1. I'd like to verify a number: residues in region 49-78 that are open to solvent by 40 Å² or more (accessible area, probe 1.4 Å), closer than 26 Å to THR24 by Cα and assigned to a helix (DSSP H, G or I), how many?
2. Counting only residues that are free of Cβ contacts under 8 Å to residues at least 40 places away in the same chain and either closer than 18 Å to LEU15 by Cα or acidic (Asp, Glu) (or both), how many does region 62-83 have?
3. Suppose we filter region 46-78 for residues that are of a type in the set (Val, Ile, Thr) and modelled with pLDDT of 85 or more; how many remain?
4. The conditions are (1) touching a Leu at 6+ places or on another chain (Cβ under 7 Å); (2) open to solvent by 50 Å² or more (accessible area, probe 1.4 Å); (3) under 23 Å from ASN81 (Cβ atoms), and LEU46 fails exactly one of them. Which is it?
5. Just name the residue that is least open to solvent (accessible area, probe 1.4 Å) out of those in region 84-103 that are touching a residue at least 40 places away in the same chain (Cβ under 8 Å) and more than 20 Å from GLN32 (Cβ to Cβ).
6. Are there any pairs with C-beta distances below 8 angstrom linking a residue in region 1-30 that is outside any helix (DSSP H, G or I) to a residue that is of a type in the set (Gly, Ala, Ser) and surrounded by 15 or more Cβ atoms within 10 Å (Cβ to Cβ), with the two at least 6 apart or on different chains, and if so which?
Amino acid sequence: MDKLKTHLLARICWLTFGGVMAATRIVDGIKQSSTGMTVTGIGWLLLGILWFLSPLIIGKKKADMALQQRQAAIGSDGLRNKLLFTAAGCVIVGMVLRYGFGN
């Protein structure tokens with residue numbers, strides 16, 4: 001629970017950013033019947049969750065920033081890696097569907 005309180009404002013900001021990006025993509029995808037837009041929105045939601053678990057801390061020296069980010073991370077490295085690759089895959093597949101196939 002202590003790790004959750006560490007950099008809580010940064011966690012909430014990054015989760016909100018990912019959530020807003022996801023919501024706009026998903027709503028637009030549903031309105032336009034665009035599978036690509038919806039999949040991209042799911043990817044953004046997963047990125048928001050990832051950034052909540054491991055917030056990017058801005059404004060510190062590079063060496064200190066990496067150490068603080070590692071200490072503030074919640075969950076296992078494997079979980080965060082799976083979230084990262086799944087989110088990136090969703091965003092890429094969504095873009096290919098949208099721009100490559102017009103869906």
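The values are calculated or read from the model by the stated rules, or taken from the named source; none is laboratory data. This one's a predicted model, so the numbers in the text were calculated from it and none came from an experiment. So basically every Cβ, Gly included, is an ideal-geometry build from the backbone, and we count neighbours across all protein chains shown. Just so you know, the surface numbers come from the protein's heavy atoms only, side chains and all, with ligands and any DNA or RNA stripped out. Shrake-Rupley method; radii C 1.70, N 1.55, O 1.52, S 1.80 Å.
1. Going through region 49-78, the residues open to solvent by 40 Å² or more (accessible area, probe 1.4 Å) turn out to be 49, 51-52, 56, 58-71, 74-77.
Of the ones still in play, those that are also closer than 26 Å to THR24 by Cα are 49, 51-52, 56, 58.
With the extra rule that they be assigned to a helix (DSSP H, G or I), the set shrinks to 49, 51-52.
The total comes to 3.
2. Here is the first cut: in region 62-83, the residues free of Cβ contacts under 8 Å to residues at least 40 places away in the same chain are 62-67, 69-70, 75-83.
Imposing the further condition that a residue be either closer than 18 Å to LEU15 by Cα or acidic (Asp, Glu) (or both) reduces the set to 64, 69-70, 75, 77, 79-83.
Number of matching residues: 10.
3. To start, the set of residues in region 46-78 that are of a type in the set (Val, Ile, Thr) comprises 49, 57-58, 74.
After this cut, where a residue has to be modelled with pLDDT of 85 or more as well, the list is 49, 74.
Summing the residues that are of a type in the set (Val, Ile, Thr) and modelled with pLDDT of 85 or more in region 46-78 gives 2.
4. So LEU46 meets the others, but not (2).
5. Restricting to residues being touching a residue at least 40 places away in the same chain (Cβ under 8 Å) and more than 20 Å from GLN32 (Cβ to Cβ), the top hit is ALA87.
6. Filtered contacts from region 1-30: THR6/ALA72; HIS7/ALA72.
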